[in-house]
Amino acid sequence: MSFLPPFTVFDVETTGLDPKRGHRIVEIAGVRIENGIIQAEMAFEAYVNPERLIPWEARQVNNIDDATVAGAKTIDQVLPQFLTFAEGSLLLAHNADFDMGFLRAEKEFCWGYVELPECLCTLHLSRSLFPQEFRHNLDVMALRCGLTLPTDRHRALPDVLLTAQAFLRMIEKGNIRSMDELRKRAALKTMVKN
């Protein structure tokens, strides 16, 4: 896997599903992959104060409540820290259209001073490698790759670590040998515009 550039695998937990409806990030986590090795000991993990109440439905998914994020930094402080952590790497997420949609919306709270790197998607990669399969959510993808699901799924850092492991396994299973091939299989349909 010497062809791989550095990646920052990331995930966000949110107050809802649509940033255009005012939903916000409540947690962001990332882990780097350097030279094909997951750097788990150097992970980024931060709660984010969404400056709004967390709906009951979101709390049921991610177990993050208002008290947990009340003293947390706001996105204008956390997002630049995360992007500093990710500097010099490509981003990677499962269902990256969702996560990048939130990053694009939240960067507006940073007065336009942040730029988002290119992002690849493990959901797209899974669909490309396993076109005969119907389901490609993170749990199914991980199990298909022979991984054990963590007990604390739907929290950002465990999801990131699971995504990183599945990503490396899919590169092996798919016999992917170049970044051009990886981009063809895992790129977002519309490239991220800063």
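Summary of computed values
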quantity	calculated
Distance between modelled label sites at LYS184 and ILE37, nm, 7 Å Cα→Cβ extension	3.1 nm
Vicinal HN-Hα couplings computed from phi for segment 15-26 (Karplus, 6.51 cos²θ - 1.76 cosθ + 1.60; Hz; Gly/Pro x)	7, x, 9, 9, x, 6, 9, x, 6, 10, 6, 10
Calculated Rg and Dmax of segment 7-186 using C-alpha coordinates, Å	15.9, 46
Counted charge near ALA58, where neighbours are those whose Cβ lies closer than 14 Å (Asp, Glu -1; Lys, Arg +1)	-1
Cβ-Cβ FRET estimate between ASP66 and ASN175, R0 fixed at 30 Å, reported to 0.05	0.05
Mean projected area in nm² (Cα convex hull; one quarter of hull surface) for segment 119-194	5.7 nm²
Listed residues SER178, SER89, SER126, most fluctuating in the chain (Gaussian network, C-alpha, under 10 Å)	SER178
Neighbourhood charge, 12 Å Cβ-Cβ cut-off, centred on PRO5 and excluding it, Lys, Arg +1 and Asp, Glu -1	0
Gaussian network model of the chain, Cα within-10 Å springs - most flexible of THR74, THR148, THR15	THR148
Isotropically averaged projected area of segment 100-153, using the convex hull of Cα atoms (one quarter of hull area), nm²	5.3 nm²
Estimated FRET transfer efficiency when R0 is 30 angstrom, pair SER2-ARG59 (beta carbons, to 0.05)	0.10
Dipole moment magnitude, nearest 20 debye, the chain about Cα centre, only Lys, Arg, Asp, Glu C-beta charged	660 debye
Contour minus Cα-Cα distance for GLU115 and GLU45 (0.36 nm per residue)	23.2 nm
Added length on full extension, which subtracts the Cα-Cα distance from 0.36 nm per residue, ASP97 to GLN81	3.6 nm
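Just so you know, all these numbers are worked out from the coordinates, no wet-lab data involved. These numbers were taken from a predicted model, which means no experiment stands behind them. Virtual Cβ from ideal backbone geometry, glycine too; neighbours counted across all protein chains shown.
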